[in-house]
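One structure below.
Derivation of every value follows stated rules applied to the coordinates shown; laboratory data play no part. Quantities reported herein were computed from a predicted structural model and do not represent experimental measurements. Counting neighbours? That spans all protein chains shown, and the Cβs are built from the backbone with ideal geometry, glycine included.
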């Protein structure tokens, strides 16, 4: 279900945010406002003369609705972006790689016309980590367990065989990467 812009703006307004807010900002505002308007809030107890308990409960209900509607909207948007990427993969002639490396991921991404920022938004992986994965700058990446998760998410976003890509990439990490415990996570 696609929400119209008027309803979206209403939900952003309820959470005291601008429409261009990221999902992490939405989540943060939700938790902040929920805490603020809860009956245990010390700030609200001072304001109780101005805000009735009924109004406080009404505001909490509106905050809950806004958060869950925006969460649903972002989830739908993410799913749609992944579908569009899968469609692009099917239409483009993606080169075959004997072994998937950081460079192979970068070339695939570029052939698909996907920006790192788009992958970061959809997967939650910071852009600098995506760049370091592509450049195989293992010394600038978190421990191996995180690398494994990030590469899997990256490959899934590009609609590649994530198991194969992750296995190939982790072999390279184990050969060339820093000597911290790569399997601890």
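A few notes on this one:
- Binning the C-alpha pair distances of the range 95-185 at 5 Å intervals from 0 yields a P(r) profile of 3, 15, 29, 28, 17, 6, 1 %, listed from the shortest bin outward.
- Pairs of Cα atoms farther than 13 Å apart, the range 131-171, %: 47 percent
- R0 of 41 Å, Cβ-Cβ distance residue 23-residue 176: FRET efficiency to nearest 0.05: 0.75
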